[in-house]
Amino acid sequence: DMLHRLKKRENKSRKVFDKCYVNNDYIFKHANGSLYYPDYPTKALKKIVERNPELPKGLTFRKLRTSCVSMLVHEGRDVKSIQKWVGHSNINTTLQYYTKARDSMVKKDVSEDMSGILNIKKYKDET
């Protein structure tokens, strides 16, 4: 469906820009057919983050990818399958993410366990 919508949009753009339309076989391009610069998605994401205060500052595609791998690990997905899906040539790269995510989960679990074990008192300031 998406590709068909893009093709319809391209056909409309060809009519609007007429002889000024840049012909090529690419799918993702500007309305006039000219190609995006390679850093276009990165700059566009930066603008989106700046305009939306609810998004974390400094959000990048690399951080999104890392978060995705961490979430897959957290969900208990097979590390070898994650490696293939994200395209890591070496499983050690995937295991680095796995270890970080696992360490974080273990710290959280231990913290929750300790909260249940320890009866933490609230002290009043007696001054």
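The values are calculated or read from the model by the stated rules, or taken from the named source; none is laboratory data. Note that the coordinates shown come from a computational prediction; the quantities given were computed from them, not determined experimentally. A quick note on method: Cβ atoms are made from the backbone with ideal geometry, for glycine too, and the neighbour counts reach across all protein chains shown. Just so you know, the surface numbers come from the protein's heavy atoms only, side chains and all, with ligands and any DNA or RNA stripped out. Shrake-Rupley method; radii C 1.70, N 1.55, O 1.52, S 1.80 Å.
In table form, for the structure just shown:
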item: Local electrostatic count, Arg51, Cβ distance below 15 Å [Lys/Arg +1, Asp/Glu -1]; result: +2
item: Over 16 Å [Cα-Cα, the range 29-99], rounded percent; result: 59 percent
item: GluC sites (Glu not before Pro) restricted to DSSP loop in the range 1-85 with at most 12 other C-beta within 10 Å; result: Glu54, Glu75
item: Surface accessible to a 1.4 Å probe, Asp78 within the full protein complex, Å²; result: 90 Å²
item: Integer Hz, Karplus 6.51/-1.76/1.60 couplings in order for the range 76-84, x for Gly and Pro; result: x, 5, 5, 4, 5, 5, 4, 4, 5
